[in-house]
Every structure is written in C-alpha cells, then in structure tokens.
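A short worksheet on the structure shown next.
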Amino acid sequence: MAFWKPGTVAPGSTIDRETGNEDALAASSANQYAHLSLTSQRQRLPVYKQRTKLLHLVERYPVLIVVGQTGCGKTTQIPQYLFEAGWAAQGRVIGCTQPRRVAATSVAARVAQEVGSLLGDEVGYTIRFEDLSSPTRTRIKYMTDGMLFREAMLDPLLSKYSVIMIDEAHERSSYTDLLLGLLKKVRKKRPELRLIVSSATIDAQAFLNYFNSNIDGADRTQDDAAIISLEGRMYPVEVAYLDEPVTDYVRAAVKAVLDIHLKMPAGDILIFLTGREEIDRCAEDITEQMYDLPAGASKLLPLPLHAGLTSEQQLFVFEPAPAKTRKVVISTNIAEASITIDNIRYVIDSGFVKLRTFNPSTGMDRLTVTGASLASLNQRAGRAGRTSAGKCFRLFPEPALAKLPKSTPPEICRSDISLFLLQLKALGIDNVLRFDYLTPPPSVMLARALEFLYSLKALDDYGRLTRPLGMRMAEVPVDPMMAKILLDSDEFSCSQEILTIAAMTSVQNVFVTGEGGEGAICEIEKRKFTAEEGDHLTLLNVYNAFTGPGKQSAKWCHSHRLNFRALSRAISIRGQLRKYLQRFDIPIISCGEEESQIRKCLVSGYFKNAAKMQPDGTYQSLRDRASLSVHPSSVMFTRVAPTGYVIFHEVIETTKSFMRDITVVDQDWLKEYSGGYYTSRASQRAK
Ligand code: CDP
Ligand code: MG
C-alpha cells in the first residue's frame, strides 16, 4: 500500500525560505516516514544532508546540475525529495532518464520498495518494449533516455512532466545529448519546467556553460543554470598494477579473485570486463576454481551483471552475500556509475571497455573492445572505497596508462547517427545541422547518415522526412533498417514473417550455448532449426516451432537448448510491433512457401550491410571493400553462400570484424532494392 498523498504539498511549502530551516523539513519527513522500515537507510545517504538546498535551487534555477559521487543517492533520492516537496502535485510527473535499461529498471524497483509502492504504480519505469508505468497514477517515472526522446514525438513539450532529471549525463549517450538540446528548446516554451542534469564526475562546467548560453544570442538577465555538488564520503583506494601485460585478462581476473579471497580480509569483489561472453566465462572459471579451495575456506559467489539479464536476475547482485561467502560481481561498465552495489571493497579492472564506434571504411557501426578512458578507470577504482578503505587491482602495467584517452568521446560523435537524425526530423527539427548540440557530431558523419536515410527513402530530395514512410520509420521502435523492412513487408507479401524476424532480432541469446559435451548437444539441437539461407530464417523457424500447437513450455525450450525467456519476450515484442502495423493499416500477410520474398524484403532495409564472398571464404563489404568474417554464432559459419552475397545485421569487432545475423541474398536484389545506394548519383544528391 502506498503512503504517499499526492497533491497535498505545494512546491516549496515544506521549506522555510527565510532561514532555509532544515529541521522543519526533517521533522515533517520523519513523521511521514515513521512507518517505513527503510527510512533510516534513506536518511543516511549523503544527499539527504543537502536536500533543502537542493530543493531551493530547483525552484530558483530552471536548470540544476547535480554532481556527486556514485552511490550518494542522486538517482534514488532526488526524485523522492521532489515528490515530497510537491513537484508531482496535480497529476504532474517527475521523470528521470537513464542511459541504460538495467539501471532504469533496477532503480525503479528500489525506489518503489523504498516508498512502499507497487512497481508500476506511483513509481514506474519505461524501457523499450516494456512499460511498467501507469499513465494516470505514476508520479515518479524512471526510463531510458531513448524512451523520453520518443515520448517527445507524441508530446513535443513533454507537458506532463514538472521536473525531468537527466541522470548519468557524464556518460554522454546519444539520447542524453539530444535530450539536453531538446529540453533547452522546450524550456523556452515551458519556463516552469525544471531540469536536473546529474553527473558522477566533475566535468559539470560544460553542462553549465551549455545551459547558460544562447545559440541565438538573446539577452539574458540571469543565469538559467547552477551547480550543486553533493560531497559523498570516499575512503582511500589503493591501486595496484600487474608487472607485465597479460594476454587473457579473464584468466588474470580469476587469479586475482583467488588471491584476494585467500589472503585478504572480508569484503566483496567487483570485476570489470567488457561483455557477456567474458563475464560468463569468468563466472564459470570461478565456480570451477572453488573446488580447489582449502577445506574450511569461505565460499565465493560469482554474480554476472550485464544488459542481457532479466529484471529478476539483476536483483541478485544487490542481495547481501550469505554467511561465510564472498560475493564476486562480474560486470560490464554498468557498475561503473549507473548501478551501485554496497559492500564492495575490492575492484579488479581489465582496463577495457566495449564501445560502439562508427567505422568510416565500412560506413557502419562496430562494437570494439578498446582501452577504457582514465576517467573510467578512476571511476571504477572508486567503487572500492564507498564503505571502507579499498583496493583496486588493474590487470595491466602502470605505463599503459600513458596510452589511454582522458575521457571517452560522446557517443553522438563516434557512432552511426542516422536513427537520431530521423527522430530529430520527426520532431520537426528539419535543419539537423543547426541543432544546438552539446558537442556537434563531425560533419562527415552527418553527411553519411543523411545519405543513408535518403537511400532508405526516409528523406526526400530536399532532405525532408517523407510521409508516411519516413515519419513511420521514426516512430517504430526498431533501428531504421529494420523499420524500413517492416513497413515495406506487405509489398513483399511477408509482413507475417518479418514481424517475427524483427521481434527475434530484438531479443538476445535465443540459443543456449555450452562447453564440451553440452556444447555439442546445443549444436545438434540448433541444427534442427537451421535454414540454409541463414540466421534470419533460422530465427523464424525457431519462433514458429516455439509458438506451434502446445509448444510454449520452458521444458520444450530446455530440451531444444533454447532460451525460454528470450522467446517469451519475442512474443511480447512481436505483439507490440504488430500494433504499429495495424495502426498504419499495413496488412499482415504471409508469403507461405515463397521464402525468397522474405530475403528480398530484408535486402530492402539491410542493403547497406551487404558483403561479397571471397575465394578464401571470408567476405568483403560491398560498399567499401572492408574485410569481414562470419561470426561463429551464425549458421553461416559452417556454410558457404551459394550466391556469393549476404546481408547482415551488425558487425562486432574483436580479433576480426565479425558479421552477425546473416542471410544469403542474390546480387540482383541488391541492385533492385537498395534505393540507389550503390550508385554514386544517389549519394551525391543526398549530400
Ligand atoms: O545515483 P547515485 O549513484 O548517487 O546513488 P543511488 O543509485 O541513488 O544509490 C544510493 C544507494 O542506494 C546506494 O547505497 C545503493 O547501494 C543503494 N541501492 C540499492 O541498494 N539497490 C538499488 N537497486 C539501487 C540503489
Ligand atoms: Mg545514479
């Protein structure tokens, strides 16, 4: 049952403005929370001491930049203080954006628990394909930055929000950057709207300057923005390095875990690796090593933390370790700042991160593992010093620091921005070159993205959004290529099948993998669904088998080494995408046996991601002749494309550039359905 009384307190009325009397507020909140078991925990967080000042500043300054150590309570507490001060009265909503889905869902769950609300009631969240919020009852809404940006397409002034907190702004995700620009515009029309920009690091000055300057040079009599710094207490963290570089940092991490476990005092461990595969391998290795621990030694509890986890799985990492057990959280950089886990005393840092970067030679994004920035390393080490003095073990020699960048460049300056430009245009911001970017993307990337949108027919000869195609592409919650494929699918008479493929490519890890004998079983099971034409049709086969009569059981999935959760999620996503097609009056038809229709349709969106097979079995990207390989997870890994041509969903770069989700296509289709992408005239015109 909720304890809130929405709408009873007006903004500012709990604060004695003359004296800024904290006691009055403390007393009133103490009463308010008397029956809450988590109250004491809430009030101990560092941000609590400054809540009166914070609330004052929110009233005085339309834009408040909040800087504070990770874990000081910015994300979970500030929206609650705002609520208590009445900012959600009269049906208004306090919104808080996160760059990461995992952060949005776990923080919302925590805050709902703190206030005694059911998740999805007073406190809710919205992430892509998952909405756990109520349009009428939710007062504090956590969401990914991308979802708020989408909301602006339906309600350009974001009129239901009284305060919007752009959290983790230091991460500089593309949507965060775009939201800052958008909200700066919205603020001119809605001066009463309050913005809070929160950042874990101290580069707040850039945000301040941005909001205190006008691109149009208009006069201003007073500053819009101010900074408040919430000092959290930090204990010293001792940093140690390896003498020599290692070739396998996962193995080095496991060794470090054992060293800590056998030689050092109690305290949990947090490991930073770059992705799911590494994390799973590390967790398995730790589990194996546990058998060799001396009799009587306390146990190790490895816990993975990455974006692929379900909401329930994420919650494990926050649970205190059982008695005589040391928790080992193995994480991507999610745990760097977005998520705080208590009681971490030791950090083991690979020094690497997986980043999305634009590869000018292929004209598409790649995911690459690269050295983390100095700012990241610092932030990671800091995770060890929250509750007591800590230690950070860096799995590389100290001189390697000299080669690392000071900070990570903003995502909008290093990744494919076609989706963002499409959405900006859908918001009516036609001149995307003149948008007030916090950091403008390089002009070559803007040009490439516009050219690509033109070839997808989302833009016309004048660079305007086409209607209805371009407008709808911006609206459907999948990337522009898949959006085009979906919206065209009725022309190829295969919307039924494409809906499934779009849903299946939106979920991760459909196939279970394993090591040794189990790995072989997984392979054999996968073969039962494999289509010669590639991964997209294989995914379609899996979905159809799963949804066939009487098949939707976890047991069936287990016996076929399929991920039940992933498939259940695909059903839900398919349903949501289906609603878009229905709203657009796109008939849902099946191509029956004519599977080539599906592959043609895929070409109509994926033509940019096309590659030609080479005599040695590797591939070359069609447009720029970059060398590409088949990812081992693809069914094409052990097959050759009879036509010599394939299209693919994305490129992952590790030791090589690997194509993922691959389908065999005909060369003629690439000419016919690529909107002139492979002829220079079209690209000239778009520029
Ligand atoms: O946003 P910031 O990094 O300043 O801190 P926060 O996310 O608001 O976290 C404040 C406190 O709540 C930390 O001590 C977290 O460990 C705790 N917390 C938690 O226990 N479980 C969550 N799901 C989220 C936060
Ligand atoms: Mg936070």
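More than 29 angstrom separation, counting every C-alpha pair in segment 476-673; what % is that?
22 percent
So what is the diffusion coefficient of segment 233-287 in µm² per second by Stokes-Einstein at 10 °C and 1.306 mPa s, using a Kirkwood Rh over Cα pairs?
Values: Rh = 12.8 Å.
The estimated diffusion coefficient comes to 124 µm²/s.
Using the C-alpha atoms of the chain, what convex hull volume per residue, in cubic angstrom, is computed?
175 Å³
Which net charge results for the neighbourhood of S621, defined as the other residues with beta-carbon distances under 12 angstrom from its beta-carbon, given Lys and Arg at +1 and Asp and Glu at -1? Before the final figure, lay out the partial values.
Numbers: positive: R366, K608, K612, R623, R625; negative: D624.
After counting each charged neighbour, the total is +4.
Compute the accessible area per residue over the chain, keeping the other protein chains in place, probe 1.4 Å, unit Å².
43 Å²
Give a quick list of trypsin sites (Lys or Arg not before Pro) in segment 121-223 that DSSP marks as loop, anything other than H, G, I, E or B, with at most 12 other Cβ atoms within 10 Å.
R220
Give the residue from T466, S489, V646 lying farthest towards the positive end of the charge dipole for the chain; charges sit on Cβ (+1 for Lys and Arg, -1 for Asp and Glu) and the dipole is referred to the Cα centre.
The listed residue farthest towards the positive side: T466.
Name the cysteines of the chain that stand alone by the Cβ rule: no other cysteine Cβ under 4.7 angstrom.
Taking the Cβ cut-off of 4.7 Å, the unpaired cysteines of the chain are C72, C96, C282, C392, C413, C522, C557, C601.
Relative contact order, percent, of the chain when contacts are C-alpha pairs under 8 Å separated by at least 6 residues?
11 percent
Could you point to the residue in T357, P399, G296 farthest towards the positive end of segment 260-407's charge dipole, with +1 and -1 charges on the Cβ of Lys/Arg and Asp/Glu respectively?
Final value for the positive-end residue is P399.
To the nearest 0.05, what FRET efficiency results for L154 and E59 with a Förster distance of 51 Å applied to their C-beta separation?
0.95
Skipping prolines and chain starts, which residues have an amide H placed within reach, meaning under 5 Å, of the one on R623, given they are 5 or more residues away or on another chain?
Here the answer is A610, since their amide H atoms fall under 5 Å of that of R623.
List nothing, just return the count: lysine pairs in segment 476-673, 8 or more apart or interchain, with Cα separation under 26 Å.
22
Hey, got the dipole for segment 109-253? About the Cα centre, +1 on K and R Cβ, -1 on D and E Cβ, debye to the nearest 20?
In debye, rounded to 20, segment 109-253 gives about 800.
Got the relative contact order for segment 237-411 handy, in percent, Cα pairs under 8 Å and 6 or more residues apart?
Computed over segment 237-411, the figure is 32 percent.
Please work out the Cα center distance from segment 639-678 to segment 291-329, rounded to the nearest Å.
Segment 639-678 and segment 291-329 have Cα centres spaced 41 Å from each other.
Using the Karplus curve 6.51 cos²θ - 1.76 cosθ + 1.60 with θ = phi - 60°, what ³J(HN,Hα) values do you get for each residue of segment 423-432, in whole Hz, with x for Gly and Pro?
With the stated coefficients, segment 423-432 comes to 6, 4, 5, 5, 7, x, 8, 6, 8, 5 Hz.
Which value, in debye to the nearest 20, describes the size of the charge dipole of segment 47-111 about its Cα centre when Lys and Arg Cβ atoms bear +1, Asp and Glu Cβ atoms bear -1, and nothing else is charged?
With only Lys, Arg, Asp and Glu charged at Cβ, the dipole is about 160 debye.
Whenever you get a sec, compute what percent of the accessible area on the chain sits on carbon and sulfur atoms (1.4 Å probe).
Exposed carbon and sulfur together represent 52 percent of the surface.
List every residue whose amide H lies under 5 Å from the amide H of K327, counting only residues 5 or more places away in sequence or on a different chain, with H placed 1.01 Å from N in the peptide plane.
I269, L301
Got a sec to turn the phi values of segment 525-531 into Karplus ³J(HN,Hα) couplings, 6.51 cos²θ - 1.76 cosθ + 1.60 with θ = phi - 60°, whole Hz, x for Gly and Pro?
Karplus values, whole Hz, x for Gly and Pro: 5, 4, 4, 5, 9, 5, 9.
Given N333, Y606, S657, which one lies farthest toward the positive end of the charge dipole of the chain, if we put +1 on the Cβ of every Lys and Arg and -1 on the Cβ of every Asp and Glu?
N333
For the chain, give me the percentage of DSSP beta bridges that are antiparallel, rounded to the nearest 5 percent.
Roughly 35 percent of the DSSP beta bridges within the chain come out antiparallel.
With +1 on the Cβ of every Lys and Arg and -1 on the Cβ of every Asp and Glu, and nothing else charged, how large is the dipole of the chain about its Cα centre, in debye rounded to the nearest 20?
Taking the Cα centre of the chain as origin, the dipole is about 940 debye.
Show the residues, 5+ positions off or on another chain, whose built amide H is closer than 5 Å to the amide H of C392.
E238, V239, A240, V347
Report V239's accessible area, 1.4 Å probe, all protein chains in place, as a number in Å² to the nearest 10.
60 Å²
For segment 237-411, build the convex hull from the C-alpha positions and give me its volume per residue in Å³.
It comes to 131 Å³ per residue, whole-number rounded.
The values are calculated or read from the model by the stated rules, or taken from the named source; none is laboratory data. Bear in mind that the values here come from a model prediction, so they are computed numbers and not experimental data. Every residue, glycine among them, receives a Cβ derived from its backbone with ideal geometry; neighbour counts consider all protein chains shown. Surface accessibility is based on the protein's heavy atoms, side chains included, excluding ligands, DNA and RNA. Shrake-Rupley method; radii C 1.70, N 1.55, O 1.52, S 1.80 Å.
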